[in-house]
Amino acid sequence: MNRRSFLKLVLSVPLLGALVLFVSPLFRYLKPVAGPFPEGLVSKPLSPMRIKNVTFSLSEFPKPWVVQEFTYEQKNPEFTRQGAQLSRIPGYALRIPGNGPDDYQFVVYSRICPHMGCIFRYVDDPNVAASGFNYRPPKGTPVFACPCHLSVYDPLQKQAVGTQELSGKVVSGPAPRPPRFFTFNIDKASQTLVITSLEQGGIS
Ligand code: FES
């Protein structure tokens, strides 16, 4: 191959590339690789579906202030071809004091901080709450606290949100509201705590 042919060959590569870039959208338009969205997707009600309930035995909470972590899975309707996206939401189930050893009282929260979405933690040492999160619980009871901007939530106090009174009052830091809560049932027959659904909405 002489020099001229070689240069022609080298120069033709970008031209060929440009041609492909120009023509491929036309082909994609004429023969799309993705089909239309499943029929009826847009008109379906946009509420998330839980995949399965989370169940604990009450014996896993032998006394007040025992906490258990869990992951709640739900499908959210999305405008994708699959029509859904799987979310895994970390949660805490906490037994709080009731009237006697057989009185099972709980708060069950999503661990996603309603300020900006970090994962908050359970802090049962008031000294850690004071030194690490700028808040000393007056009665020394445990709190939930977020490491990102130091929001602290008290599971024993309530806060008004719209028409509801929600537990997990923000007692320190910038969070605008208590954590999102899970609804749950206590099944006396099977002695279980069954977590059934999550309050809708995103952060804040
Ligand atoms: S994300 Fe939790 S306090 Fe900001």
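Just so it is clear, none of the values below were taken in a lab; they were calculated from the coordinates. Because the structure is a prediction, the values reported are computed rather than measured. Neighbour counts run over all protein chains shown; Cβ positions are idealised from the backbone, glycine included.
Shape analysis of the chain based on the Cα gyration tensor places the equivalent ellipsoid semi-axes at 53, 24, 15 Å, largest first.
Selection among 48, 27, 114 by position relative to the dipole of the chain gives 27 as farthest towards the positive end (Cβ unit charges, Cα centre). Please report the spacing between the Cα centers of the stretch 126-183 and the stretch 86-119 in Å, no decimals. Here the answer is 12 Å between Cα centres.
Ordering 99-112, 144-157 by mean Cβ neighbour count within 10 Å, with the highest value first, yields 144-157, 99-112. Each Cα pair under 8 Å and six or more residues apart adds its separation to the average, and for the stretch 49-198 the resulting relative contact order is 21 percent.
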